[in-house]
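Encoded as structure tokens, here's the structure I'll be asking about.
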Number of protein chains: 2
Amino acid sequence: MKNKLLIVGTMAFDAIETPFGKTAKILGGAATFIGLAASQFDVDIAAVSVVGGDFPDDYLNLLKNRSIDLSGVEIVENGKTFFWSGLYHNDMNSRDTLATELNVLADFNPIVPDHYKNSKIVMLGNLHPSIQKSVLDQMHKKPELVVLDTMNFWMDNSLEELHDVIKHIDVITINDEEARQLTGEYSLVVAAQKIYTMGPKYVVIKKGEHGALLFHADNVFCAPALPLKVVFDPTGAGDTFAGGFVGYLAKTGDFSFENMKKAVIYGSTLASFCVEQFGTERLQTVESKEIYKRLHQFKSLTQFDIELT
Amino acid sequence: MKNKLLIVGTMAFDAIETPFGKTAKILGGAATFIGLAASQFDVDIAAVSVVGGDFPDDYLNLLKNRSIDLSGVEIVENGKTFFWSGLYHNDMNSRDTLATELNVLADFNPIVPDHYKNSKIVMLGNLHPSIQKSVLDQMHKKPELVVLDTMNFWMDNSLEELHDVIKHIDVITINDEEARQLTGEYSLVVAAQKIYTMGPKYVVIKKGEHGALLFHADNVFCAPALPLKVVFDPTGAGDTFAGGFVGYLAKTGDFSFENMKKAVIYGSTLASFCVEQFGTERLQTVESKEIYKRLHQFKSLTQFDIELT
């Protein structure tokens, strides 16, 4: 039987402008990217989210066709879907948020479907920490692995609630500046150690084009980002990373540090596809043989054979 | 017989201030850091540089005791040694230069000792590109490997001369911002490809706390920096990296891409020691068993075992 992976997060319309072009309102949202990435693995996935009556059936079908259970996605018929619009600068590392319309997200009250209240893994996508916590509270028992993604916005505005949910999780994924903000420590090694004391025993620090670091106890693992000729659109890369990470862990059911290393590589691999086209476009077309080929690239990118006995 | 490695670069007094403290005038200079790092390997090393009459014998003896040939180090008895002073900010990634006194470096005319004109490897440390070129011009024949380090200052002020020497080298080491400045390309993959057309067939891009990338043809290798609790003083880390890199290559005499990967790991390993104390202090005390232990850390930091057939 497949392991159950429960994902909570936004489903959204995104409008994106990069130096390479701009989009109309396209499919976006953390749960969308996480789900599409995780669906590359043989896992029983459910999404908990909320959309408005304006959310196209095509988008829902796209996720259903990936065997993602959407019974936990509330459709507010007379409401509008969460909308985000952003403009990326030339270096692709900085962006301006042009619009954030919460719409139905403002009153989001997540309901976990009964048959996913025993999920082995829960992935709490970036959302208000109280919403993340309420999902955990609905589970029959503590899941075997809880992974949480968050961002500086919640550290600025809901720090107490964030600390409250962080107590109950196993893995946190944040970027380097957020790790520094959360802990007041510049060294990422020291920051990770401080985060351990807040709850999570595993800390994943995302560094964009510089890759990701996985910390656990005194162990560190470093995965590079694949050096790319073009980063076309970074939107959703962090969520895609998280989706590949939890998807691989859910498939294998092995939550050891050694296996998490591999999960980080899968996450980085899927993120490297995500940034090649706008939004979820590339995640919709990527095939397993392409993923396989890129895993080979990650190996040659990082492996060396200095003999140490 | 040991392979000959010829190093040209500054020998200097540095005065450094970091959040952890400040120094009086201490031993510094590119050739010093490169030489100390390279002397960890079984190689016949000579340095070409210039100092003033104020340069202590102790400093010269420190290098001689590492079996570094100093017959190419000119001592200008009535001159003063190059002096640099810098202040590092809290994040250690930015610094203010407080003083740069060229002194005897202003009229530096490097003389390669006759018995090193057949060196197998030449390491051109960061200096005016015309001085770097004049060292190459003195060699009996083209060395088997020429490695050049440079910086944005020469791109701003002596770009033509820089292009003139770059034509004749095999490996360039620069940081990410410098690679972008030199090529006008944001993507480091594209930047490396443009640099190939300028001469070097290998491009090493140093990214400080984010590690280093090695490019050759369509191959890329990525080495992380060791995540450290404290970066005490970054001065000389780039030169130390270069010294470990060329030292290992000189010892092995193998200039293949596969072997250069290992050289990058040795460079990163030595750089990880350099930043632990002020200036060259840690390089003076580091022992081979410590280096060996840290190579193990680099392995566990980067190696994973996803089976790919």
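The values are calculated or read from the model by the stated rules, or taken from the named source; none is laboratory data. Everything numeric in this text was worked out from a predicted model, so none of it was measured. Cβ placement follows ideal geometry from the backbone for every residue including glycine, while neighbour counts extend to all protein chains displayed. The protein model used for the area step is the full one, side chains on, heavy atoms only, and it has no ligands, DNA or RNA in it. Shrake-Rupley method; radii C 1.70, N 1.55, O 1.52, S 1.80 Å.
Got a number for residues in region B:215-229 being more than 7 Å from chain A (Cβ to nearest Cβ), part of a strand (DSSP E or B) and either of a type in the set (V, I, T) or under 15 Å from B:I265 (Cβ atoms) (or both)?
Number satisfying all stated conditions: 1.
Looking at A:L27, A:L63, A:L36, which is the one that is assigned to a strand (DSSP E or B) and within 20 Å of the chain's Cα centre (by Cα)?
Residue meeting the stated conditions: A:L27.
Say whether the condition of being open to solvent by less than 10 Å² (accessible area, probe 1.4 Å) and within 22 Å of A:Q193 (Cβ to Cβ) is met by at least one residue in region A:131-145.
Yes - at least one qualifying residue is present in region A:131-145.
Is there a residue in region B:8-22 that is closer than 21 Å to B:E287 by Cα and either part of a helix (DSSP H, G or I) or not β-branched (V, I, T) (or both)?
no
Where the second residue is assigned to a strand (DSSP E or B) and the first is without any contact (Cβ under 8 Å) to a residue 12 or more places away in the chain and lies in region A:211-223, which pairs have Cβ atoms under 7 Å and are six or more apart or on separate chains?
A:C222/A:L213
Checking A:F232 against (1) among the aromatic types (F, W, Y); (2) more than 15 Å from A:V171 (Cβ to Cβ); (3) modelled with pLDDT of 95 or more: exactly one of these is not met. Which one?
Among (1) among the aromatic types (F, W, Y); (2) more than 15 Å from A:V171 (Cβ to Cβ); (3) modelled with pLDDT of 95 or more, A:F232 violates only (3).
Within region B:176-191, take every residue that is within 12 Å of chain A (Cβ to nearest Cβ) and in a helix (DSSP H, G or I) and give me the one that is surrounded by the most Cβ atoms within 10 Å (Cβ to Cβ).
By that ranking, first place goes to B:A179.
A follow-up question, please. Which one of A:L102, A:L124 is at pLDDT 95 or above, under 18 Å from A:A12 (Cβ atoms) and surrounded by fewer than 19 Cβ atoms within 10 Å (Cβ to Cβ)?
Every option except A:L102 fails the conditions.
Given (1) closer than 23 Å to A:W84 by Cβ; (2) in contact with a Ser or Thr (Cβ under 6 Å, 6 or more places away or on another chain), identify the lone condition not met by A:A223.
(1)
Only residues that are out of contact with any Gly (no Cβ under 9 Å at 6 or more places or on another chain) and free of Cβ contacts under 8 Å to residues at least 40 places away in the same chain: list them for region B:34-69, please.
Answer for region B:34-69, where residues must be out of contact with any Gly (no Cβ under 9 Å at 6 or more places or on another chain) and free of Cβ contacts under 8 Å to residues at least 40 places away in the same chain: B:P56, B:D57, B:D58, B:L60, B:N61, B:K64, B:N65, B:S67.
In addition: The conditions are (1) at the interface with chain A (Cβ under 10 Å from one of its Cβ atoms); (2) at pLDDT 95 or above, and B:A212 fails exactly one of them. Which is it?
With respect to (1) at the interface with chain A (Cβ under 10 Å from one of its Cβ atoms); (2) at pLDDT 95 or above, B:A212 is out only on (1).
Name the single residue, out of those in region B:1-18 being aliphatic (A, V, I, L, M) and farther than 18 Å from B:L127 by Cα, that is most open to solvent (accessible area, probe 1.4 Å). Break it down stepwise before answering.
From region B:1-18, those aliphatic (A, V, I, L, M) are B:1, B:5-8, B:11-12, B:15-16; that's our starting set.
Within this subset, residues satisfying the condition of being farther than 18 Å from B:L127 by Cα are B:1, B:15-16.
Details: B:M1: 226, B:A15: 17, B:I16: 2 Å².
The residue in question is B:M1.
Suppose the filter is closer than 30 Å to A:I16 by Cα and at pLDDT 95 or above; does A:K201 pass it? Steps first, please.
Numbers: closer than 30 Å to A:I16 by Cα: no; at pLDDT 95 or above: yes.
No.
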